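Trainee: Pasting in a structure now, in structure tokens, and then I'll have a few things to ask.
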Amino acid sequence: MTLNKHRRKIADSVAQNPPAPPTHSRILAPFRAIGHVTSTSVPPVPFSILPLGKTFQLTTALSNAIQTYDVRRLNLVFVSSPPTPGTIRRAVAHRDVVYVAFEDPLVRVWVFKRGRKVAELAVAGEGRKKITEWRDLVIFGDWVVGVLDWGMVVWRRETREVYTEIEMDNRGRITAAVHPSTYLNKMVIARMGGVLEIWNVKTSKKIYTILPPVASTGEEPLEITSLVQTPVISVFAIGFSTGEVHLHNIQTDNPLFTLGGSAGDIVAATSSTDSGGNMLAVGHGDGDITLWNLKKRRIAAIMRNAHDGPLGGGVIVEWLAGQSVLVTSGSDNSIKEWIFDSPHTTLPRVLRSRSGHSKPITSLTFLNPSTSHFLLSGSHDSSFRAHSMRNDAQSFVFSEKARGKRSNKPPRSGEKGTNWANGGFSAPNPVTCIATVTGEDGAGNAENAARDLAGIITGHRDSESGRLWSFENKSLRGRWARTTDGGFVWSVAVSSCGTFCFVGSSNGGIAMYNIQSGIKRRQFPEPVSAAHTKAVTGIVVDSLNRVVISTSLDGEVKFWDFNTGIIVHEIHWSNSGAITKAKLHRHSDLLAVCCDDLCIRVVDIETRKTVRELRGAQGRINDFCFSNDGRWIIGASTDSIVRIWDLPTGHLIDGIRTKSIVTAMAFSGTGEFLATAHVDSVGINLWTNRTLFKHVPTRHLDEKDIVDMTAPLASGEGGVGVIEAALSPQDDGEDGSTRTYTTLDQLSSNMLTMSLVPRTRWQTLLNLDVIKQRNRPKEPPKAPERAPFFLPPLGAKSDSFAPAAGKMISGTNSAQLTDSQTLEAERSRVLRMSRDSGESTFTKLLREAADRNNGDYTVFLDHLKTLSPSTADLEIRSLQVNELAQFVQAMTQRLKSRRDYELVQTWRGGAQG
């Protein structure tokens, strides 16, 4: 009862002085984002190519950072830092620096060199309060020209100062701009309505206006969408919204010829500098690229679906100078290099490419949580990718072209012997689920199974088959597993040994296949009458291949015998709603399932009992996962909150609120990172686990304790590594908050309390006589038989080589010492002897405590705790008769207070000895 009263007293004090709300997550910290190649904005941000010796560097823009690639292998070279305050609209490489323009109420341009910000152009447009729309950024000669929706801003390139601001009239907004080669200080501006204007940026004057051509349909004038200069001086290719391309000589204002319209509006155009510049590449808004032969004035080829971005995203095209290589990018988060093998080749082939997901990610998992650093992801764009967390160059996309025999048709369900199909397969449907050999049993064979034995299976939306993939070949295995009841695949699984795979159907059936032979081994259930009545949403297998556990939308959890397929147990949760997902932690044999009632339930598969119910989510749970040690469950819901529950206590111990909803997540097997995918992003965010080097208490958090956090950046700017997060100064408090907690010396006066003195100290004091007897030397020390002549013999009272006393003192004869100095030296010796023969601090504090009226020996006992075992033993044995009575009184007082029990017993034994 006394302990309960004390706990209530502590709770009351905490309630009166509540801790300050947290300002950071106790467990998670942003690290960096992976999977981003280019911006996915519409229209796409143009890339920039910079010649660099024998190669080129390609710079692409993300939302708040730029990335530089080496064109030879498309390896990532630099990522800019720090991030820009606004979304990047233009990035132009010039010489050894990159100029970056971004959205901001003020017209601002940053300068980066080798990924680091080195300068900033002077701020322009200070009088404008609304965000300015960038049209282009052009660098030539001594000028840096920013083309905006209201005009142009001209900076001096050397001094980076604003030279002038040119505000244009309201005759139409600017749609494109270019600097004509060999024209000094000139800019060609395209205006709404098809008008071209030539401006002198040095004098801020308009020189000439080129009127638009008349539309072939006789309607309103055409709108210019792109403007590019051909290798012929003064000749420009003007692209219009209808798909027509007009060749025009701006020096003579003479139209040369028109290339007929093609499907889709023109987003970008570029003219080849190789082979006389006879090839013109035009990128359209629907993802196609049209190649025009300027000499024959006709279409040479059409590259269909060169980029699969959102409708209207368009394609950016540019030739490499002096080479027959075309570089393209779009809003599909990819870069491609196309090469023409010969001058007579009409269609180019892909030479190199670097890409990421073009649509949001639907599922995440690690190839092998125990050892692998590869993260597998499926997306709405129907692609299946592997992301390396160590080196971006190791990331790749799985090819849908299968190795081995090819067949265009999957087998019919009635075929004998196998339900697999050999051959190539195109997966047009998004990936909905991924399963791989987890390797949680610690065996190295699990990694080999995932790599060599095609131990990766995926399920796709509205598909009747699960696809097997080979990590080693980076492609389809050439076979896929069908559902046995004609339903669509809703869930997949791989056994812990990597030999069998499972497919769950939307009709409630489960089929098991041998991965190597492709033969269907078993069908669950046996008999069919025990099957789920609705779609199977989760399949897991225990570590010993004894039990197969399945969950379904019918709210039931069924346990099947692995060898016979007979149901052995089932749990009914029909009142809790449908079960949407299930995951198993094999080390702890804990199965976690999430239900429609916004609750995550944890089941022990050995006892088959529910051991935890984790609540708190305010929206539907999209995904959840176990931590690497099985101690936490991390869940993400539609309320944009990631919550972390502690399984031993059942408490909500941490939570972060993100700007967008998390759709998928995975926890690394080494415990370093949490990977999340979001509904509005094509990349993967990595969060650092702070608890690898620090303790996190399991105190329950309320909803008000959930903190808002920004997502990691691709540059890693502002990201926190594992060690930095664990050792950050703001985490010095016990629970990560600003309040401090002081440990009580004694919970209650009625409870026996031990001391905090190390155990070795008082145990040594208790056995000090034995230790001294054991450490006593067996023989007295002997002088060495032969010693150096300059060393005195052992035990000699004086050193024969030392100067005689009184002969020389600091170069002065002792006879020169005054009588006062001699008297002072003799007096100091007497005082020192007197002080040494006086009482010790131990005796002094004991006597002072006994002389007090209240008889408080606290100061004396605190001093006694600090003494070493040998010193304490000497002081206790040296006590006089009257002092011994005082010492016994001090021990009695401490025993009555029920504190330092083991120390008092040890000291009492020393006094008796």
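The values are calculated or read from the model by the stated rules, or taken from the named source; none is laboratory data. In this text, all values refer to a predicted model and were calculated from it rather than measured experimentally. Every residue, glycine among them, receives a Cβ derived from its backbone with ideal geometry; neighbour counts consider all protein chains shown.
Trainee: Being modelled with pLDDT under 85 and closer than 20 Å to P213 by Cβ is the filter here, so list the residues in segment 232-263 that pass it.
Mentor: Residues of segment 232-263 that are modelled with pLDDT under 85, as a first pass: 241-243, 260-263.
Of everything in segment 232-263, those that are modelled with pLDDT under 85 and closer than 20 Å to P213 by Cβ turn out to be S241, T242, G243, G260, G261, S262.
Trainee: Among the residues that make up segment 673-686, is at least one of them hydrophobic (A, V, I, L, M, F, W, C), modelled with pLDDT of 90 or more, within 30 Å of S331 (Cα to Cα) and assigned to a loop (DSSP other than H, G, I, E, B)?
Mentor: Within segment 673-686, one or more residues are hydrophobic (A, V, I, L, M, F, W, C), modelled with pLDDT of 90 or more, within 30 Å of S331 (Cα to Cα) and assigned to a loop (DSSP other than H, G, I, E, B).
Trainee: If you don't mind, there's one more thing I want to ask. Restricted to segment 319-349, and to residues that are closer than 22 Å to N75 by Cβ and among the charged types (D, E, K, R), which residue is surrounded by the fewest Cβ atoms within 10 Å (Cβ to Cβ)?
Mentor: The selected residue is R349.
Trainee: Counting only residues that are part of a loop (DSSP other than H, G, I, E, B), in contact (Cβ under 8 Å) with a residue 24 or more places away in the chain and surrounded by fewer than 18 Cβ atoms within 10 Å (Cβ to Cβ), how many does segment 44-74 have?
Mentor: 1
Trainee: Something else now. Do we find that R72 is of a type in the set (D, E, K, R) and within 21 Å of I316 (Cβ to Cβ) in this structure?
Mentor: It is true that R72 is of a type in the set (D, E, K, R) and within 21 Å of I316 (Cβ to Cβ).
Trainee: Could you list, ordered by first residue, the pairs with Cβ atoms under 6 Å in which the first is in segment 457-472 and assigned to a strand (DSSP E or B) and the second is among the polar types (S, T, N, Q) and at pLDDT 90 or above, at least 6 apart or interchain?
Mentor: G459/T432; R467/T458
Trainee: Also: Filter segment 520-536 down to residues that are in contact with a Ser or Thr (Cβ under 6 Å, 6 or more places away or on another chain) and within 15 Å of G466 (Cβ to Cβ) and give me whichever is modelled with the lowest pLDDT.
Mentor: Residue satisfying both the conditions and the ranking: Q523.
Trainee: For the list (1) farther than 21 Å from F366 by Cα; (2) out of contact with any Asp or Glu (no Cβ under 8 Å at 6 or more places or on another chain), I need the number of the one condition that T533 fails.
Mentor: T533 satisfies all of (1) farther than 21 Å from F366 by Cα; (2) out of contact with any Asp or Glu (no Cβ under 8 Å at 6 or more places or on another chain) except (2).
Trainee: Any residue at all in segment 525-543 that is in contact with a Gly (Cβ under 6 Å, 6 or more places away or on another chain) and in a strand (DSSP E or B)?
Mentor: The answer is yes, given that some residue of segment 525-543 is in contact with a Gly (Cβ under 6 Å, 6 or more places away or on another chain) and in a strand (DSSP E or B).
Trainee: For segment 709-718, does any single residue satisfy the condition of being closer than 24 Å to I621 by Cα, touching a helix residue (DSSP H, G or I) at 6+ places or on another chain (Cβ under 8 Å) and hydroxyl-bearing (S, T, Y)?
Mentor: Within segment 709-718, not a single residue is closer than 24 Å to I621 by Cα, touching a helix residue (DSSP H, G or I) at 6+ places or on another chain (Cβ under 8 Å) and hydroxyl-bearing (S, T, Y).
Trainee: Mind listing whichever residues of segment 590-625 are in a strand (DSSP E or B) and either aliphatic (A, V, I, L, M) or in contact with a helix residue (DSSP H, G or I) (Cβ under 6 Å, 6 or more places away or on another chain) (or both)?
Mentor: Here is the first cut: in segment 590-625, the residues in a strand (DSSP E or B) are 590-595, 600-604, 609-614, 621-625.
Scanning segment 590-625 gives L590, L591, A592, V593, C595, I600, V602, V603, V611, L614, I621.
Trainee: So, in segment 177-210, of the ones that are in contact with a Lys or Arg (Cβ under 8 Å, 6 or more places away or on another chain) and of a type in the set (V, I, T), which residue ends up surrounded by the most Cβ atoms within 10 Å (Cβ to Cβ)?
Mentor: Only one residue tops the list, namely V201.
Trainee: When the residues of segment 495-529 are filtered to those that are among the hydrophobic types (A, V, I, L, M, F, W, C) and closer than 14 Å to I549 by Cβ, which remaining residue is farthest from the chain's Cα centre (by Cα)?
Mentor: Only one residue tops the list, namely F524.
Trainee: So which of R173, R156, R108, R114 ends up being out of contact with any His (no Cβ under 9 Å at 6 or more places or on another chain) and at positive phi?
Mentor: Selected residue: R114, the only one of R173, R156, R108, R114 that is out of contact with any His (no Cβ under 9 Å at 6 or more places or on another chain) and at positive phi.
Trainee: Looking at segment 689-720 only, could you name the residues that are assigned to a helix (DSSP H, G or I) and exposed (fewer than 15 other Cβ atoms within 10 Å of the Cβ)?
Mentor: Restricting attention to segment 689-720, the residues satisfying the condition of being assigned to a helix (DSSP H, G or I) are 690-692, 703-705.
Hits for segment 689-720 are L692, E703, K704.
Trainee: Return the pair list, or none, for Cβ contacts closer than 9 Å from residues in segment 178-205 that are farther than 15 Å from R135 by Cβ to residues that are among the aromatic types (F, W, Y) and in a loop (DSSP other than H, G, I, E, B), at least 6 apart or on different chains.
Mentor: Listed by first residue and then by second, the contacts come to I198/Y183.
Trainee: Also, I was wondering about something else. Among the residues of segment 886-896, what is the count of those that are of a type in the set (G, A, S) and exposed (fewer than 14 other Cβ atoms within 10 Å of the Cβ)?
Mentor: Initially, segment 886-896 is screened for residues of a type in the set (G, A, S), giving 890.
The next check asks that each one be exposed (fewer than 14 other Cβ atoms within 10 Å of the Cβ); those that pass are none.
Of the residues in that region, 0 qualify.
Trainee: I've got another one for you. Can A592 be described as in contact with a Ser or Thr (Cβ under 9 Å, 6 or more places away or on another chain) and at negative phi?
Mentor: No, not satisfied.
Trainee: Restricting attention to segment 850-890, which residues are within 20 Å of D745 (Cα to Cα), assigned to a helix (DSSP H, G or I) and among the acidic types (D, E)?
Mentor: Result: D862, single match.
Trainee: Filter segment 857-885 down to the residues that are of a type in the set (D, E) and in contact (Cβ under 8 Å) with a residue 24 or more places away in the chain, then identify the one that is surrounded by the fewest Cβ atoms within 10 Å (Cβ to Cβ).
Mentor: Filtering segment 857-885 for residues that are of a type in the set (D, E) and in contact (Cβ under 8 Å) with a residue 24 or more places away in the chain, the one surrounded by the fewest Cβ atoms within 10 Å (Cβ to Cβ) comes out as E883.
Trainee: Evaluate the following for I289: is it among the β-branched types (V, I, T), within 30 Å of F673 (Cβ to Cβ) and crowded, with 22+ Cβ neighbours inside 10 Å?
Mentor: Values: among the β-branched types (V, I, T): yes; within 30 Å of F673 (Cβ to Cβ): no; crowded, with 22+ Cβ neighbours inside 10 Å: yes.
Spelling it out, it is not the case that I289 is among the β-branched types (V, I, T), within 30 Å of F673 (Cβ to Cβ) and crowded, with 22+ Cβ neighbours inside 10 Å.
Trainee: Please enumerate the residues belonging to segment 891-906 that are in a helix (DSSP H, G or I) and touching a residue at least 60 places away in the same chain (Cβ under 8 Å).
Mentor: Y901, E902, L903, T906
Conditions (1) closer than 25 Å to T607 by Cα; (2) crowded, with 23+ Cβ neighbours inside 10 Å, marked per residue:
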residue: A511; (1), (2): no, no
residue: Q516; (1), (2): no, no
residue: I519; (1), (2): no, no
residue: E526; (1), (2): yes, no
residue: D542; (1), (2): yes, no
residue: N545; (1), (2): yes, no
residue: S550; (1), (2): yes, yes
